[in-house]
Structures are given as C-alpha cells and as structure tokens.
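First the structure, in the form of structure tokens, and then the observations on it.
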Amino acid sequence: MNLQELSEHVAREFEKAFGRPPRWIVAAPGRVNVIGEHIDYNDGFVLPMAIEYYAVMAADRPPGGGAMLHIRSTAQKEAASIDTSKPVTTSPLKWSNYPRGVVAGFAARGLNPGGLDVLLHSTVPLGGGLSSSAALEVSTATLVEAVAGTKIDPVEKALLCQKAEHEFAGVPCGIMDQFVSVMGRQSHLLLLDCRSRKTELVPMSDPSVELLITNTNVRHELGISQYARRRAQCEAAASILGLPSLRDASADALEKHKSQMDGEVFRRARHVIGEIERTVQAAESIRASNWPETGALMYASHRSLRDDYEVSCAEMDALVEIAESIGLDGGVYGCRMTGGGFGGCTVALVKSDSVSAITKKLAAGYKAKTGLEATIFGSRPAGGARVIKG
Ligand code: GLA
C-alpha cells in the first residue's frame, strides 16, 4: 500500500469511527538506521533514512466543539484524551504520552490545536527498532501544525518531539529518529551531524541495490535501562579524555587513557570512535556506489555493537550470521543490527535481483536457528512527514 492508498484507508476508517470525513490527514515515517548506531547522543554522525511505513493521523473538529483532543488508535483498545484547556501532564495510558508530550511542547510555544477527533493508524511495527514512537510524535506535531495553519522550523520541530520522548515517555533518546522522520527525503539517506545538527542528503537510488529489513520479532526487556547506562558510560569516557563528548576523541587518545578507564567504559568508547569513522566512510562509499565497501562497514558496525557496545542479542546475531553465510555470491553485501538493540530489526544491503532468494534463506535460516518467524520487508528511502489533506 503506498502512502496515497494508506491515507485513503485511514480516511475511510475515520469516517467509520466518527460518521464524517476527516478535515486533515497527516503522515510521518518510521526510519531505519543504515549506520552510525548509538552515536547521536555522542554528537557524532548518523546515516538513517525514512521508510515507507507511516504513522497516519486523520482528524476533524468535534461536532460539539470544546477543548478535548481525542485520539483513537487502530492498534490500541483505549483512546487517548487530552484536555487542551489545561496544562498537559503524563498519563498512565503509556502510548498516549507521545502525543501528550508533543501537545505540551506546542503549548509551551503558545500553539494550541484545540479540540479534535483523531484517528491514528500506524504501519510502523511497534517496538521493532524502526522508531514507531518518533513517527507518532512527528505525526502529532505535523497535525498540530496543519490545524494551526503554521509551520515551525524543522529542527525545532524535531527537538520538540525529542523532548516529548524524554519528558513524557521517560526515554533519554538522541535526536536521530525525530530528525529523519521530519527531514527524510525520497531516494536519499540523511547524513546528520548530531553536534551541529546540520544535515546532508546522500543520494541512494541505484536500482541494483536494496535495503532489506528483517524484524527478529523479539524485544528484550533490558532496552531502556541499558540505553541509559550506555549514555552514562560514554559520558564517563569523554570526561576521562577531557572532552565534552566522544565526537572529538581519537583511537590514539583513548589508548593512552586506557589504564584510567574501566574495561567496559573503554570498549564503549572504542565502539563510538570507530562507528563515527565508519559512518563518514559509508556516506562516501554510498555516494560512489561502492556497495562491497558499504557492506563491509555494516558488518564491522555489527561486530562492534555486539562485542564492544554489547547491545545486540542472539536473534540479531543469528540474522547477521545467516546474511554473512549467504554472502556476496548470494547477493548480500552487508548486514547489521539497527536501532537501540536488544531485539528489533537488522538491515541488510542486498542486490535487488536476489531479494526473493535472500528473503527465503533468511526466513528459513532464522527459523532453524531460533525457532522463530522473522518478518522481512524492503523499503526505498522515503520522504519525511507531510500534510496529505488540509
Ligand atoms: C534509539 C534512540 C536513538 C538512537 C538509537 C541508537 O533508536 O531513539 O536516538 O540513539 O537508539 O542509535
């Protein structure tokens, strides 16, 4: 289903739920990170792209007026209700905290969407490491903009959404997911400098290659606590090196300070320093359509995340091993875990004409190794959030 068809579907669902057509329809994509993992909060470079999976919101004013913003989700039993006439706070209804945080962020800027009936439908797999939460935040922000008839600066918009995640969902995420959901561009990856917040588009439209995403369909509980721990370890390493962040750290400087560092902290920093280098190199390789080199960098990224950063898991490792065993002869250039880790998805760079054979091998190999079913799908680099109607 392309975005147009998806929007029509959501418009019909809105009409079924509320008995009238929506006045606004907006969409914001999920993302896959090609390389540069656990780098955004270290001020380095990341290279994600928006995917053709979206959080779509259809909305209209409530017929009776009023300040209540109701969001019904096709994936959740309970609807979210936000009273826009009062300061917005967190709710025990967890999923509602993403839109709540965004509405609060706009309120702080003096923008209030007022009462709305909203229907949310997302095709971004939940908890799959593809930024379903950023898509929901950015979709909400895009709806508020559409309703208010104004647009805020894209960087401000991404930061407002990140703040919602920090303060309302309690997840100390970096800036990558929200930036690419706002600023993604069709047929391009987004090279984001997380320190200056400048973005550069890296074209990726060679029809001979594709990115294949495989969902392990597992999500280990460790995720959030380990994420915060990794952040703290990186800050500790930077402070021992006398730097504001690991962005400017070099492998030599790290080696010199090795004796002052806990072994784990040393390995975390080694990942970050290597991964920033790999990301910059990968952007160059992609510009040059050098797919074998890009693939090799992806494998190296995975090894570093598995051994030094320790955020992979058996299921992700299994998928990367299977991809590696299919190899270049079978059409796989490279593969790595993507996202925060501890479950979710892997991303593989593959030859387009081998996609169906690779898909079969990945699915069968994963089942044989883990007893689990994988979900495998491709995506071209998609455009960022947009207003479809209104
Ligand atoms: C999660 C966070 C991002 C980023 C990745 C790891 O997706 O939301 O900010 O840190 O993990 O690269």
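The values are calculated or read from the model by the stated rules, or taken from the named source; none is laboratory data. Please read all numbers here as calculations on a predicted model, not as lab measurements. No Cβ is skipped: glycine too gets one built from the backbone with ideal geometry, and neighbour counts run over all protein chains shown.
How many of the residues making up the range 1-56 are within 16 Å of the ligand (Cβ to nearest atom) and under 20 Å from GLN76 (Cα atoms)?
Selection size over the range 1-56: 5.
Would you please list the contacts, defined by Cβ atoms under 8 Å and residues six or more apart or on different chains, that run from a residue in the range 329-345 that is near the ligand (Cβ under 10 Å from one of its atoms) to a residue that is aromatic (Phe, Trp, Tyr)?
Cβ pairs passing all conditions: GLY340/TYR227; GLY341/TYR309.
Just checking, which of ASP193, ASP177, ASP153 is over 27 Å from PRO92 (Cβ atoms), in contact (Cβ under 8 Å) with a residue 12 or more places away in the chain and not β-branched (Val, Ile, Thr)? If you could, list the steps in order and put the result at the bottom.
On the way: ASP177 fails: over 27 Å from PRO92 (Cβ atoms); ASP153 fails: in contact (Cβ under 8 Å) with a residue 12 or more places away in the chain.
Matching residue, one of ASP193, ASP177, ASP153: ASP193.
State which residue is farthest from the ligand (Cβ to nearest atom) when the search covers only the range 117-139 and only residues that are under 16 Å from the mean Cα position of the chain (by Cα) and β-branched (Val, Ile, Thr).
Going through the qualifying residues, I end up with THR123.
Of the conditions (1) assigned to a helix (DSSP H, G or I); (2) under 28 Å from TYR41 (Cβ atoms), ALA146 fails just one. Which one is it?
For ALA146, the failing item is (2).
Looking for whichever is among the basic types (Lys, Arg), modelled with pLDDT of 95 or more and surrounded by 18 or more Cβ atoms within 10 Å (Cβ to Cβ) here; the options are LYS151, LYS157, LYS163. Which one fits?
Answer to the check: LYS157.
Answer yes or no: is there a residue in the range 37-44 that is in a strand (DSSP E or B) and touching a Ser or Thr at 6+ places or on another chain (Cβ under 7 Å).
No, the range 37-44 contains no residue that is in a strand (DSSP E or B) and touching a Ser or Thr at 6+ places or on another chain (Cβ under 7 Å).
Does CYS234 meet the test of being within 13 Å of the ligand (Cβ to nearest atom) and part of a loop (DSSP other than H, G, I, E, B)?
On the way: within 13 Å of the ligand (Cβ to nearest atom): yes; part of a loop (DSSP other than H, G, I, E, B): no.
Taking the combined requirement at face value, the residue does not satisfy it.
From the set of residues in the range 200-227 that are surrounded by fewer than 18 Cβ atoms within 10 Å (Cβ to Cβ) and of a type in the set (Val, Ile, Thr), which is nearest to GLU165 (Cα to Cα)?
Only one residue fits best here, namely ILE224.
Residues in the range 270-316 that are free of Cβ contacts under 8 Å to residues at least 12 places away in the same chain and in a helix (DSSP H, G or I): how many?
3
List every residue pair whose Cβ atoms sit under 8 Å apart, with the two residues 6 or more apart in sequence or on different chains, where the first one lies in the range 117-138 and is closer than 21 Å to ARG12 by Cα and the second, anywhere, is within 12 Å of the ligand (Cβ to nearest atom) and in a loop (DSSP other than H, G, I, E, B).
That search, which allows pairs on different chains as well, returns VAL124/LEU130; VAL124/SER131.
Is it the case that LYS16 is surrounded by fewer than 24 Cβ atoms within 10 Å (Cβ to Cβ) and either of a type in the set (Asp, Glu) or assigned to a loop (DSSP other than H, G, I, E, B) (or both)? Outline the logic, then answer.
On the way: surrounded by fewer than 24 Cβ atoms within 10 Å (Cβ to Cβ): yes; either of a type in the set (Asp, Glu) or assigned to a loop (DSSP other than H, G, I, E, B) (or both): no.
No: the conditions fail for LYS16.
Is it the case, given these coordinates, that PRO63 is in contact (Cβ under 8 Å) with a residue 60 or more places away in the chain, over 30 Å from CYS234 (Cα atoms), touching a Lys or Arg at 6+ places or on another chain (Cβ under 9 Å) and in a loop (DSSP other than H, G, I, E, B)? Please lay out each step first, then the result.
Details: in contact (Cβ under 8 Å) with a residue 60 or more places away in the chain: no; over 30 Å from CYS234 (Cα atoms): yes; touching a Lys or Arg at 6+ places or on another chain (Cβ under 9 Å): yes; in a loop (DSSP other than H, G, I, E, B): yes.
When the stated conditions are applied, PRO63 does not pass them.
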